[in-house]
Amino acid sequence: MATTSAAIDRGRVLELTERERARFLARTPASQAAFERAVAVMPRGVPSSFQAADPRPTYLSHGEGSRVWDVDGNEYVDFHNGFGVMCVGHANPAVVRAVSERAARGSHFAAPTEGSVTVARELRRRFGLPQWRFTNSGTESTMDAVHLARAATGRDVILKIEGSYHGHHDSVMVSVRPPLEQLGPREEPSSVAFGGGHPPAVTELTKAIPFNDADLLERVLGDIGDRVAAVILEPAMMNITIVCPRPGYLERVRELTAAHGVVLVFDEVKTGCTIGPGGATERFGITPDVVCLAKATCGGYPGGAIGMTEELAAHIASGQVRQVGTFNGNPLVMAAAEATLLEVLTDDAYAALEARSERLTAGLDEVIERYGLPCHTIGLAAKGCVVFSPERLYEYRDYATKVDEELSTLAWLYHMNHGIFMTPGVDEQWTLSVAHDDADLQRYVDAFEAFARDVTS
Ligand SMILES: Cc1ncc(COP(=O)(O)O)c(C=O)c1O
């Protein structure tokens, strides 16, 4: 829902940001001490740069249900949920039981167990793709998808959406968050490496296109379609807040890729198993050639999966494509996935997540309206966010020019200081779990209202 905006006093935003930063630091001295020990042994004091945060990371001790506790003993309702993983809630009894039972019978063999067959069958049912393999992360899932597409087509070029993140392998670390001055023309964006260590020759093989523009995709495929192995996209973009597909866009992408013999890869690392039982594939009713999963699929354990057509699977079965890995289909991960998919994230659970999403966005919409804030909400079952732009976003260039970074940052500080554990940064979203109750949702709305009241007063 978009609103007309109140004028925001920038001096006030800066003053509140300073105040809330000081509060944040004052209530987390044990995190500060952990940080000081951590930077001596880990760059930026974190295991992955995505865990770094300004003014500093918060070190957690444990979680249960909808709650997490930091090392200072502060309790938070968790809406971060491990970057979209913990839809099952923390220490979910069904998952804990399944993993404990499995661990007691051996945790790793690098030989297939029955669990992998059960999970593959369930993923086939949900996503409608017949063949599945397992990976250990979203990065591995999209990497395997790229290998598969290149081998199956004998072509090298990958088309990706400008502003999308698909993990940290060379072929997709391109035009993820390109600075405005390096974008190039919208009709032919530059291929901009995301960080160092990616050979230009590989970066150049990946071309960016804007989301939600099927006419432009048609033109690009008309020009270079015979060199394109795959179009990889998130059906709803979830690394630049949330950007939904325009009606008809995914349908045309499906038609165009099929017409040019290009493999269509849906990166459902974020949307899969969160916005519906069969992710975006089911929700938007378009079946790609490959689906990439990870995050919520394995209920908090490090696993991923790729689903594919019989035709593509034949390239793996024949040995032409090496889809491999010591830990693929690890029994603990499979036990967690089986409990997650068959016992916890049932059809009823998705209906409840959808209802929670509607309650949360309705509460936030009411606050946005009352205070005239320049933002709007988006909710898709377990995933949702407040986008700090009065207008809807349709592609990365909207995100890069319309989202109010200062307000996003201030809202995050308010949430953290009001006991809401939330993803840092401008680009992320909340993840709801089966453990959130109405009081948890109200706490989010109350923290947001405190922010709205102070920033407009
Ligand atoms: C859409 C998308 N694809 C792929 C990945 C990579 O997943 P992982 O961090 O498990 O490697 C991410 C991670 O955030 C993602 O959001």
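The values are calculated or read from the model by the stated rules, or taken from the named source; none is laboratory data. All values reported here derive from a predicted model rather than from experimental measurement. Ideal geometry is used to build each Cβ from the backbone, glycine not excepted, and the neighbour counts take in all protein chains shown.
Summary table
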{"read-out": "Any hit, region 210-225, residues being over 22 Å from SER137 (Cα atoms), touching a Phe, Trp or Tyr at 6+ places or on another chain (Cβ under 6 Å) and either in a loop (DSSP other than H, G, I, E, B) or more than 16 Å from the ligand (Cβ to nearest atom) (or both)", "value": "yes"}
{"read-out": "Residue in region 429-448 that is more than 20 Å from VAL77 (Cα to Cα) and of a type outside the set (Val, Ile, Thr) present", "value": "no"}
{"read-out": "Test for GLU391: is it in a helix (DSSP H, G or I) and in contact (Cβ under 8 Å) with a residue 40 or more places away in the chain", "value": "no"}
{"read-out": "Test: GLY319 is in a loop (DSSP other than H, G, I, E, B) and either among the acidic types (Asp, Glu) or without any contact (Cβ under 8 Å) to a residue 60 or more places away in the chain (or both)", "value": "yes"}
{"read-out": "Which numbered condition THR203 fails, given (1) surrounded by 14 or more Cβ atoms within 10 Å (Cβ to Cβ); (2) within 22 Å of ASP398 (Cα to Cα)", "value": "(2)"}
{"read-out": "Test: residue in region 345-368 that is crowded, with 19+ Cβ neighbours inside 10 Å and either under 22 Å from VAL117 (Cβ atoms) or modelled with pLDDT under 95 (or both)", "value": "yes"}
{"read-out": "Unique residue being among the β-branched types (Val, Ile, Thr), within 16 Å of the ligand (Cβ to nearest atom) and closer than 26 Å to TRP412 by Cα when the list is VAL85, VAL174", "value": "VAL85"}
{"read-out": "Selection within region 153-182 - in a loop (DSSP other than H, G, I, E, B) and buried (at least 19 other Cβ atoms within 10 Å of the Cβ)", "value": "ARG155, GLU162, GLY163, SER164, TYR165, HIS166, GLY167, HIS168, MET173, SER175, VAL176, PRO178"}
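For (1) in contact with a helix residue (DSSP H, G or I) (Cβ under 6 Å, 6 or more places away or on another chain); (2) more than 21 Å from ASN417 (Cβ to Cβ); (3) assigned to a helix (DSSP H, G or I); (4) not charged (D, E, K, R), each residue gets a yes or a no:
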| residue | (1), (2), (3), (4) |
| --- | --- |
| THR58 | yes, no, no, yes |
| HIS62 | no, no, no, yes |
| TRP69 | no, no, no, yes |
| ASP72 | yes, no, no, no |
| VAL77 | yes, no, no, yes |
| MET86 | no, yes, no, yes |
| VAL95 | yes, yes, yes, yes |
| ALA98 | yes, yes, yes, yes |
